[in-house]
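The values are calculated or read from the model by the stated rules, or taken from the named source; none is laboratory data. All values derive from a computational prediction rather than experimental measurement. When we count neighbours, we look across all protein chains shown, and the Cβ atoms used for this are built from the backbone with ideal geometry, even at glycine.
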Amino acid sequence: MSNEIPLLEIRGVKKDFFGNRVLNDINFTLKKGGILGLVGENGAGKSTLMKILFGMNVIRETGGYEGDILINGEEVNFLTPFDALEAGIGMVHQEFSLIPGFTATENILLNREPLKKNVLSEIFGDRLDKLDTSEMNRQSERAIGKMSVHIDAKMVISSMPVGHKQFTEIARELSKEQLKLLILDEPTAVLTEKEAAALLDSIRSMAAQGIAVIFITHRLHEILGVCDRVVVMRDGAVVRDALAKDADVQKITRWMVGRSVQSSREDVKIGPNKKTIMSIRKLWVDMPGEAVRNVDIDVVEGEILGIGGLAGQGKLGIPNGVMGLYHAGGTVEFDRQPIPLDSPRKCLDCSLAFVSEDRRGVGLLLDETLEWNIAFPAMQIQNKFLKKYFGGLISWRDEKAIREITKRYINELQIKCTSTKQKAKELSGGNQQKVCLAKAFALQPKFLFVSEPTRGIDVGAKSLVLSALRKFNRENGVTIMMISSELEELRMICDRIAIVSGGKIAGILPATESSESFGLLMVSQVI
Amino acid sequence: MDKTGNEATIGINTKFLEFIRGFGLPRFIIAGFLLILFIMAPFVGADFATQITNTINRFSWNAVMVLAMVPMVHSGCGLNFGLPLGIISGLLGATLSIEFGFTGATSFVMAAAIATPFALLLGGGYGWLLNKIKGGEMMIATYVGFSSVSLMCMMWLLLPYRSPTMVWGMAGKGLRTTISLEGFYDKVLANFLRINIGNLSIPVGSLLFFATLAFLMWSFLHTKTGTAMTAVGSNPVFARASGINVDKMRALSVLMSTWLSAIGILVYEQGFGFIQLYMGPFFMALPAVSAILIGGASVNKASIANVVIGTFLFQGLVTMTPTVMNSMIHMDMSEVIRVVVSNGMILYALTRKTEAKT
């Protein structure tokens, strides 16, 4: 078999975004009818690799990639997703791209409908051809038949359960006669257990018909159940390419997170007699994509508590729920005082502060100056930077005090800008993040939530942000809850790390524990 | 040498383009057009001083209504196409003040006083409505304005006004379409401290009144509440995360805008000398909207300077075109140009809105 030309060969693929290397020398092959499981932490480079394979525009706009992709032994370079479709690659994305008011059949064959000639089209051209409905039904039935589940081809998408929408997407790819390789990006994330099992069955039957499948998921047992091979990626490189029968959940986890285990840090401090400053009980948060189901956690005064976990498991929901940005329920006590949920103002009044993961959407006034961005919450919540006239009847903005505080934080956090009056949208991502921190610091909170503080910023800014947080914690005694997808980052600066899985706390470990034990917690209750 | 010459031209070209971009192309064209009109005026036999007087006069009539655009732009509710709603409050104040028998300057003060509760009431309801339909404010505002005008068309006939200066002569009931303000508050502001030099006449009182309101607005935008309002317009999610009650700020801005337009129509009437009822308010919103846009405001940013510059440019255009163009081509072009400019400006601003967002 070794002399058979593989269907897909990826050879030495490299990619960087603005000097930031995200893929480093990726090599693997996939033969006809093979099922390959692709796993890795968030940010390991899986989606970038798939984007390259599918010819997404973003790759070309950022300078293309290095290395070769071969299909049936021939080198290809897709300029658009249409080229990739032409070459027989199909992709099912995590988000549905279906028209809600159309039936499954119409969606499956959209823009590829079989046509019938009629009188008008003979005169006015092909655009007036009639749809051949009976042929359409036959084709969609055949595509659905390739899967081992049955969905109603005549049902409109909007009235389908979410699992059937997913199957419709897959059927659309299967209906393309030239399909050779199907990429499934976390297809089971939205499915119930039964539906997921059915999907795995259909993957097997597709493979039996000679279609190769790349299956991306966080549910490792599914990989083990259906794939022939597992490719594990970490930090933009393939760290392991193993046969599925040689792997188990623990091994894969270790490959995913296991870096060179760092020597135990000495500065981790969890005093046994420290008091609990915040206790969260039975918290649920209705945050789309990051739902929190039932979280109980106690935060010790003066610590940095890390919250880790895979994307979509609910770690982001915790700070957003407590701070009242998404609808939430349960009880939160801070300093023995109950904190009302669903009210950002009350939280801020209790000296809590929040640096949101959505910098541009929630964190910044993009069209305003740095001065406004940094001083605004402190001005509104604590009446700082205001001059009072007429016995407090009029509170006037104190431009001078605002400039002073902005200058101070620009120096302290090394924010690169032309002046304090520069617009926030003109800064780079890393500097914007520093502005978000400055905004929170200016509130002088007792407790700070920091959500994904290093997402999408370069290495230099990253270490500066982390050390600023650490300094803020150690010198001012501010308790920090830091949420991050990057486990290593949490292990670098936190005292304890809680792992969220399936909307619940899967466990809390000291930061000095091995990566492996965190990895196991991450996948323990994935839903 | 040729090369350096080329480079110099390129340098000047880019500088010129940058200047235009900063100043705004439409504003540049309109300012240039107005300048040409001013230069041509003496040649076609129009008296320069009279032209200036007319322009300043029209500025003083309209400026307050343009100022009424500012709060809603700041809070992110967009341009107040619902201006007629505030104007109706002003008209109710004006007619009731006359009905109750006030005359002279007192009638102006009473008109403003009576208009205020109406403006607060209507503005409150309008603000509540706009909070229900975030994202579609400007479209809804347009229809609120239009439908309120139509409703009032019936009300002006039905309301039991009795004052003989206002009702139809034959029937003795129902208000007339145009009511003269002679003996009431005709030119009360304009004649206060009026300066007359030859043909030049400056309505200092009206300008001072506008300046006072503009100063109050400028001050408000520098207070804590004003800052919060601007932040709500800039990024409502940021404002909410900073503990601001977004709906309250928006409602406040609508109230302010409605009240200012009520006062604005009273200032307009005292300068014009007549109250125009029925379809009168219908055509008030577009000139005010386009004036502030010509002044350089966008759908979510506006300053007092935008109000002053925009009102001057727009009203200057409206005043100058009839005299200059008509004597040149013997045809009434002014209305055509006014309509083209005002609607074109709004169209331009709305296309720019999406551009600013990305």
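Taking first residues from the stretch A:337-354 that are within 11 Å of chain B (Cβ to nearest Cβ) and part of a helix (DSSP H, G or I) and partners that are among the small types (Gly, Ala, Ser) and buried (at least 17 other Cβ atoms within 10 Å of the Cβ), the Cβ contacts under 7 Å between residues at least 6 apart in sequence or on separate chains come to A:PRO344/A:GLY324; A:PRO344/B:ALA241; A:PRO344/B:GLY243; A:ARG345/B:GLY243; A:CYS347/A:GLY324; A:LEU348/B:GLY243.
Just to be sure I understand the filter: pairs with C-beta atoms under 8 Å, separated by 6 or more residues or on different chains, first member in the stretch B:41-68 and free of Cβ contacts under 8 Å to residues at least 40 places away in the same chain, second member of a type in the set (A, V, I, L, M, F, W, C). Which pairs pass? Between residues of the stretch B:41-68 that are free of Cβ contacts under 8 Å to residues at least 40 places away in the same chain and residues that are of a type in the set (A, V, I, L, M, F, W, C), the close pairs are B:PRO42/B:PHE48; B:PHE48/B:PHE38; B:PHE48/B:ALA41.
I'm checking my understanding of the structure. Among residues of the stretch B:243-255 that are of a type outside the set (D, E, K, R) and touching a residue at least 12 places away in the same chain (Cβ under 8 Å), which one is farthest from the other protein chains (Cβ to nearest Cβ)?
This residue is B:VAL254.
In a helix (DSSP H, G or I), closer than 30 Å to A:LEU393 by Cβ and not aliphatic (A, V, I, L, M) - does that describe any residue in the stretch B:187-204? Taking every residue of the stretch B:187-204 in turn, none turns out to be in a helix (DSSP H, G or I), closer than 30 Å to A:LEU393 by Cβ and not aliphatic (A, V, I, L, M).
Test B:GLY310 against the stated conditions and say whether it is at pLDDT below 95, part of a helix (DSSP H, G or I) and within 12 Å of the chain's Cα centre (by Cα). In short, yes. Exactly one residue among A:LEU413, A:LEU366 is within 11 Å of chain B (Cβ to nearest Cβ) and aliphatic (A, V, I, L, M), and that residue is A:LEU366. Hey, could you check the stretch B:89-110 for residues that are of a type outside the set (Ser, Thr, Tyr), farther than 14 Å from B:GLY183 by Cα and in contact with a helix residue (DSSP H, G or I) (Cβ under 6 Å, 6 or more places away or on another chain) and say which is surrounded by the most Cβ atoms within 10 Å (Cβ to Cβ)? By that ranking, first place goes to B:GLY90.
Residues in the stretch A:143-162 that are of a type in the set (Gly, Ala, Ser) and closer than 24 Å to A:ILE211 by Cα: A:ALA143, A:GLY145, A:SER148, A:ALA153. The residue pairs whose first member lies in the stretch A:71-100 and is without any contact (Cβ under 8 Å) to a residue 24 or more places away in the chain, whose second member is acidic (Asp, Glu), and whose beta carbons are closer than 7 Å, counting only pairs six or more residues apart or on different chains, are A:GLU75/A:ASP68.
Considering the stretch A:507-523, and only residues there that are outside any loop (DSSP other than H, G, I, E, B) and within 12 Å of A:LEU310 (Cα to Cα), the residue that is nearest to the chain's Cα centre (by Cα) turns out to be A:MET522. Across the stretch A:461-488, the qualifying residues are those that are among the polar types (S, T, N, Q) and in a helix (DSSP H, G or I), and the one among them that is nearest to the chain's Cα centre (by Cα) is A:SER463. Taken over the stretch A:212-244, the residue count meeting the criterion of being within 21 Å of A:LYS31 (Cβ to Cβ) and part of a strand (DSSP E or B) is 15. Scanning for something part of a strand (DSSP E or B) and either more than 21 Å from the chain's Cα centre (by Cα) or more than 14 Å from every other protein chain (Cβ to nearest Cβ) (or both), does the stretch A:309-322 turn up at least one residue? Checked the stretch A:309-322: no residue is part of a strand (DSSP E or B) and either more than 21 Å from the chain's Cα centre (by Cα) or more than 14 Å from every other protein chain (Cβ to nearest Cβ) (or both).
Among the residues of the stretch A:174-199, which ones are in a helix (DSSP H, G or I) and either on the phi > 0 side of the Ramachandran plot or surrounded by fewer than 22 Cβ atoms within 10 Å (Cβ to Cβ) (or both)?
A:GLU193, A:LYS194, A:GLU195, A:ALA196, A:ALA197, A:ALA198
Give the residue that is farthest from the other protein chains (Cβ to nearest Cβ), with candidates limited to residues of the stretch A:323-336 that are within 28 Å of the chain's Cα centre (by Cα) and of a type in the set (A, V, I, L, M, F, W, C). Here the residue is A:VAL332. Of all positions in the stretch B:300-315, at least one carries a residue that is out of contact with any Ser or Thr (no Cβ under 9 Å at 6 or more places or on another chain) and within 14 Å of chain A (Cβ to nearest Cβ). Residue pairs whose Cβ atoms lie under 7 Å apart, separated by 6 or more positions or on different chains, with the first residue in the stretch B:225-242 and at the interface with another protein chain (Cβ under 8 Å from one of its Cβ atoms) and the second among the small types (Gly, Ala, Ser) and surrounded by fewer than 23 Cβ atoms within 10 Å (Cβ to Cβ), are B:VAL237/A:GLY361. Cβ-Cβ distances below 8 Å connect the following pairs, each with a first residue in the stretch A:383-408 that is within 12 Å of A:GLU371 (Cβ to Cβ) and facing chain B (nearest Cβ under 9 Å), a second residue that is of a type in the set (Asp, Glu) and surrounded by 13 or more Cβ atoms within 10 Å (Cβ to Cβ), and a separation of six or more residues or different chains: A:GLU399/A:GLU371. Taking the stretch B:290-299 as the range and being within 22 Å of B:PHE19 (Cβ to Cβ) and within 14 Å of another protein chain (Cβ to nearest Cβ) as the test, the residues that pass are B:ALA297, B:SER298. Scanning the stretch A:425-451 for residues that are modelled with pLDDT under 90 and touching an Asp or Glu at 6+ places or on another chain (Cβ under 7 Å) yields A:LYS425, A:GLY430. For the stretch A:355-375, filtered to residues that are under 21 Å from B:THR227 (Cβ atoms), acidic (Asp, Glu) and in a loop (DSSP other than H, G, I, E, B), the residue that is farthest from the chain's Cα centre (by Cα) is A:GLU368.
Counting only helices (runs of 4 or more DSSP H) that fall entirely inside the stretch A:5-120 and contain at least 3 residues that are assigned by TED's automatic domain parsing to the domain that holds A:ALA242, the qualifying elements are A:46-53, A:57-61, A:81-86. Every condition in (1) in a helix (DSSP H, G or I); (2) away from chain A (no Cβ under 13 Å); (3) touching a Ser or Thr at 6+ places or on another chain (Cβ under 6 Å) is met by B:TYR278 except one, and the failing one is (1).
The residue list B:SER253, B:SER219 contains one member that is among the small types (Gly, Ala, Ser) and surrounded by fewer than 21 Cβ atoms within 10 Å (Cβ to Cβ), which is B:SER219. Of the helices (runs of 4 or more DSSP H) lying entirely inside the stretch B:19-120, those containing at least 1 residues that are more than 26 Å from B:ASN199 (Cα to Cα), in contact with a strand residue (DSSP E or B) (Cβ under 8 Å, 6 or more places away or on another chain) and at pLDDT 90 or above are B:69-74, B:83-99.
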